[in-house]
Amino acid sequence: MYQQSQPEPIDAISRRSLLSAAAVGALALTLPPVARAPASPGGARVRRAVRPYSTPLPIPEVLTGADLTIPMREAEVAILPGRKTQMWTYGASFPGPTIRRPAGATTRVRFEHRLPQQAGELTVHLHGGHNRCTEDGQPGGLTDAQPQSLYCDISSGLPAAQSGNDLLITPGGDRTYTYEQIEEGAPERSAFQWYHDHRLDRTARNVWRGLAGMWIVDDDFDASLPLPRGERDIALMLADRSFDAYNQLADPFAAERRPPNDGVTGRHVLVNGAALPHHRVRPQRYRLRVLNASHFRAYELRLSGGLPMIQIATDAGLMPRPVRRSRVLLGPGERVELVVDFAAARGEHVHLLSGRRAHGPKGLGSATYAGPLMQFRVGTKREADRSAVPPQLRPLPAWVAEAPATPSHMWRFTVSGGFRPRWLVNGRSFDPTYADATARLGETVTWELRNQTAVAHLIHLHHTDWYMISRNGRRPPPWEACLKDTFFLDAGERVLIAGRVSDYTGKYVIHCHMLDHEDHGLMSQFEVLA
Ligand code: C2O
Ligand code: CU
């Protein structure tokens, strides 16, 4: 029933006809099956249909050193069956290598720009990290390679230090980022983070081509818990992409896509860079870390056979208490960590699926993908399992109780009118010299996020982790009454969050993690003052 190969990216068709995301999903499921033998001009078959669950789940290489070098370069990556896909990669793979480091341990990563000149300047952001603003992957401003911005208000001729251009990586050059992995002077909390490109106007294109990788921060507290570890701790990156008949990435960015219809979705949902992979597991507990690295698509995760998922962590690491979930909504940029006990499915195949959001809002970007994502093949051999999910995990930090009840700042997200609409934050598109709010080191601020558009947004704030106080005036569900860094706001929603700024001063961005929205103006800044 699920078509594995279509000659034209369905997202291109849907954008042209401005269908809602819900209609797109329905369309994807009702298209007649197409039998095709895509051929190169010479007649050689270059693409074969995806045979569901025939590919093993790729596990990216794990780097654990304090001083790392990662070349950003073109590489041929095996994604779909048949011809390899040329991508822009971190370290010649997609996803890039997984970096795994102890909290509090300084880590230096030298990123070398070996991509073609046309890639222009690049910048790398560690999403979920708490870092000095110079190490945060600032988007930068206009350059010779990028002399204008269609959607952002940026003056040309700004001094490099004002636009953030001094922090960019030029073709042929390199930059070493220093990550101290501390918070309030102490080691930061364990968390599942990720790194990706963050360049002004071009983040969507650069990430689509492959510039994304995962990062795991470990700490002593997490290690002291009896959670599954080792090969029973698996990180999964979900990312959708479309391909042409030669297995090369489609280019949805060639045509102009205008707000509010600028969400790019791909035909294939890849898990760690493979379409519908399988993974062999033992009939024991596993810790599954799931990242939604898609540009626009949301998922509602569930397991076949109704196998329960115990959520233990959010974007920002361990929750105060585990929460049993039957479905988990995950928008672009969000992460979730789930403990799944495969003992209940010994000898069976369990599928990780995405389903339709029950009674979900109808706005563009709110509907979830419907279809299978991957298969777990559960072994038959009974083995003792000494892992467990403790009833208490990590308590909330003390500052949460001190957060002001009324917001000191409101972030309003709107879309402008006119011939070329833009996304706006408090009436402006992105300007690297402008900060819309300030906070002082050591201060706990409460801010309101207000989505005043008819489209969903995933609002992500840099610098620190944020506690959700309320959603639409009501107490959030237990899986959101937590620290997080990315917030799902359906059309018209408002969310109250509190955060404690510490350690580093300077400007930090707040933006939508639907990458086209970010590129098309939905980004602003706040400034942390001494
Ligand atoms: Cu994952 Cu500012 O981004
Ligand atoms: Cu958005």
How many of the residues making up the stretch 67-102 are out of contact with any Lys or Arg (no Cβ under 7 Å at 6 or more places or on another chain) and either in a loop (DSSP other than H, G, I, E, B) or in the same structural domain as residue 281 (by TED's automatic domain parsing) (or both)? 5
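Conditions (1) part of a strand (DSSP E or B); (2) open to solvent by less than 10 Å² (accessible area, probe 1.4 Å); (3) of a type in the set (Gly, Ala, Ser), marked per residue:
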{"position": "238", "(1), (2), (3)": "yes, yes, no"}
{"position": "251", "(1), (2), (3)": "no, no, no"}
{"position": "256", "(1), (2), (3)": "no, no, no"}
{"position": "260", "(1), (2), (3)": "no, no, no"}
{"position": "279", "(1), (2), (3)": "yes, no, no"}
{"position": "288", "(1), (2), (3)": "yes, yes, no"}
{"position": "295", "(1), (2), (3)": "no, yes, no"}
{"position": "301", "(1), (2), (3)": "yes, yes, no"}
May I ask you to verify whether residue 481 is within 16 Å of ligand 2 (Cβ to nearest atom) and not in a strand (DSSP E or B)? no
Here are some residues: 96, 120, 129, 157. Which one is surrounded by fewer than 14 Cβ atoms within 10 Å (Cβ to Cβ) and either under 30 Å from residue 57 (Cβ atoms) or more than 21 Å from the chain's Cα centre (by Cα) (or both)? 157
The stretch 415-433, subset within 15 Å of ligand 2 (Cβ to nearest atom) and open to solvent by less than 30 Å² (accessible area, probe 1.4 Å), residue farthest from residue 150 (Cα to Cα): 425
Condition check: within 16 Å of ligand 2 (Cβ to nearest atom) and at pLDDT 95 or above. Does residue 505 satisfy that? no
Selected residue [in contact with a Ser or Thr (Cβ under 9 Å, 6 or more places away or on another chain), in a strand (DSSP E or B), of a type in the set (Val, Ile, Thr) and within 14 Å of ligand 2 (Cβ to nearest atom)] from 469, 510: 510
Only one of (1) in contact (Cβ under 8 Å) with a residue 24 or more places away in the chain; (2) within 21 Å of residue 406 (Cβ to Cβ); (3) crowded, with 17+ Cβ neighbours inside 10 Å fails for residue 452. Which number is that? (3)
Verdict on residue 436 being modelled with pLDDT of 95 or more, crowded, with 20+ Cβ neighbours inside 10 Å and within 16 Å of ligand 1 (Cβ to nearest atom): no
If we ask which residues in the stretch 315-350 are surrounded by 22 or more Cβ atoms within 10 Å (Cβ to Cβ), at positive phi and either part of a loop (DSSP other than H, G, I, E, B) or of a type in the set (Lys, Arg) (or both), their number turns out to be 1
Within the group 468, 514, 523, which residue is away from ligand 1 (no atom under 13 Å from the Cβ) and either in contact (Cβ under 8 Å) with a residue 12 or more places away in the chain or in contact with a helix residue (DSSP H, G or I) (Cβ under 8 Å, 6 or more places away or on another chain) (or both)? 468
Would you be able to say whether some residue in the stretch 214-230 is crowded, with 21+ Cβ neighbours inside 10 Å and in contact with a His (Cβ under 9 Å, 6 or more places away or on another chain)? yes
Tell me yes or no: at least one residue of the stretch 306-314 is surrounded by fewer than 23 Cβ atoms within 10 Å (Cβ to Cβ), in a helix (DSSP H, G or I) and touching a residue at least 12 places away in the same chain (Cβ under 8 Å). yes
For the stretch 132-154, name all the residues that are part of a helix (DSSP H, G or I) and surrounded by fewer than 21 Cβ atoms within 10 Å (Cβ to Cβ). 133, 134
Pick from the stretch 487-502, criterion within 16 Å of ligand 2 (Cβ to nearest atom) and outside any loop (DSSP other than H, G, I, E, B), ranking: surrounded by the fewest Cβ atoms within 10 Å (Cβ to Cβ): 494
Need the failing condition index for residue 412 against (1) open to solvent by 30 Å² or more (accessible area, probe 1.4 Å); (2) assigned to a loop (DSSP other than H, G, I, E, B), just the number. (2)
Subset of the stretch 189-217 that is assigned to a loop (DSSP other than H, G, I, E, B) and more than 12 Å from residue 72 (Cα to Cα) - its residue that is nearest to ligand 1 (Cβ to nearest atom): 198
With 199, 209 as the choices, which residue is within 22 Å of the chain's Cα centre (by Cα) and open to solvent by 40 Å² or more (accessible area, probe 1.4 Å)? 209
Any residue in the stretch 120-146 that is closer than 17 Å to residue 171 by Cβ sitting within a Cβ distance under 7 Å of a residue that is open to solvent by 20 Å² or more (accessible area, probe 1.4 Å) and within 16 Å of ligand 2 (Cβ to nearest atom)? List the pairs, counting only those 6 or more apart or interchain. 146/201
Kindly indicate whether residue 353 is among the aliphatic types (A, V, I, L, M), under 21 Å from residue 512 (Cα atoms), outside any loop (DSSP other than H, G, I, E, B) and open to solvent by 10 Å² or more (accessible area, probe 1.4 Å). no
How many of the residues in the stretch 160-181 are more than 16 Å from residue 115 (Cβ to Cβ), open to solvent by 20 Å² or more (accessible area, probe 1.4 Å) and in contact (Cβ under 8 Å) with a residue 12 or more places away in the chain? 6
In this structure, is residue 522 in contact with a Gly (Cβ under 8 Å, 6 or more places away or on another chain) and either within 16 Å of ligand 2 (Cβ to nearest atom) or open to solvent by 10 Å² or more (accessible area, probe 1.4 Å) (or both)? no
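The values are calculated or read from the model by the stated rules, or taken from the named source; none is laboratory data. The shown structure was predicted, so the numbers you read here are calculated from the model rather than taken from an experiment. Please note: Cβ atoms are built from the backbone with ideal geometry, for glycine as well, and neighbour counts cover all protein chains shown. These accessible areas exclude ligands, DNA and RNA; they are computed on the full protein's heavy atoms, side chains included. Shrake-Rupley method; radii C 1.70, N 1.55, O 1.52, S 1.80 Å.
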